[in-house]
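These notes concern the structure reproduced below.
The values are calculated or read from the model by the stated rules, or taken from the named source; none is laboratory data. On a predicted model such as this, the values are computed, not experimentally measured, just so you know. Positions of Cβ are generated from backbone atoms using ideal geometry, with glycine treated the same way; all protein chains shown enter the neighbour counts.
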Amino acid sequence: MTTTTAPAADPAAMAVALLQANTPAHEIAAETGLSIGQVIAAAEEAGLTRKPDQLAVARELVDALEWARTHSDPKVHTLADKAKAAFNELAARRAAEAVIVRTQKEITDLEQRLAAAQNKLRKARGDAPIRRRASNTTTASLTREQRTEIRTWARANGHTVGDAGVIPATVVQAWQNAHRA
């Protein structure tokens, strides 16, 4: 643990001095009695931060998990296992959602290309153009409760939807896909 000669009367000033000496935040919190959030707030107030350093956060996470692996308390092991499981689930869900979004975009692009090709064929044959019917995922066929549930789900999963009006078909389809699994 790092020691300092900063006055103990002002833990925030002590935290800033320790941060300037490159002391890790968890050590500063332990030494000053501040929470990690308070240490970060002191750093921001002192102008020591620009953006959160994602690599530092990742290193802190890895260090904490490594510490937990060698810790003698079984509760610490359990917490680390839960953290790893939660992280793995988040990563898997993120990857799955990325595949869903890419695939939905690909389907939309292919449908548009198919419609254009069909219209081109009809023109070549001299047929009248056929208007496409709306997909079966329109919000008109959904109950009010389902629309509310879709909007809530969409916001929680990073989609942008309005408080009222038509919900984009891609969002409805993503919700349906998520609830089929």
So is Asn88 of a type outside the set (A, V, I, L, M, F, W, C), surrounded by 10 or more Cβ atoms within 10 Å (Cβ to Cβ) and under 22 Å from Ala178 (Cβ atoms) or not? yes
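This table checks each residue for (1) out of contact with any helix residue (DSSP H, G or I) (no Cβ under 9 Å at 6 or more places or on another chain); (2) at pLDDT 90 or above; (3) surrounded by 14 or more Cβ atoms within 10 Å (Cβ to Cβ).
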site	(1), (2), (3)
Pro129	no, no, no
Ala134	no, no, no
Ser141	yes, no, no
Ala178	no, no, yes
Apart from one, (1) surrounded by 11 or more Cβ atoms within 10 Å (Cβ to Cβ); (2) at pLDDT below 85 all hold for Ile107; the odd one out is (2)
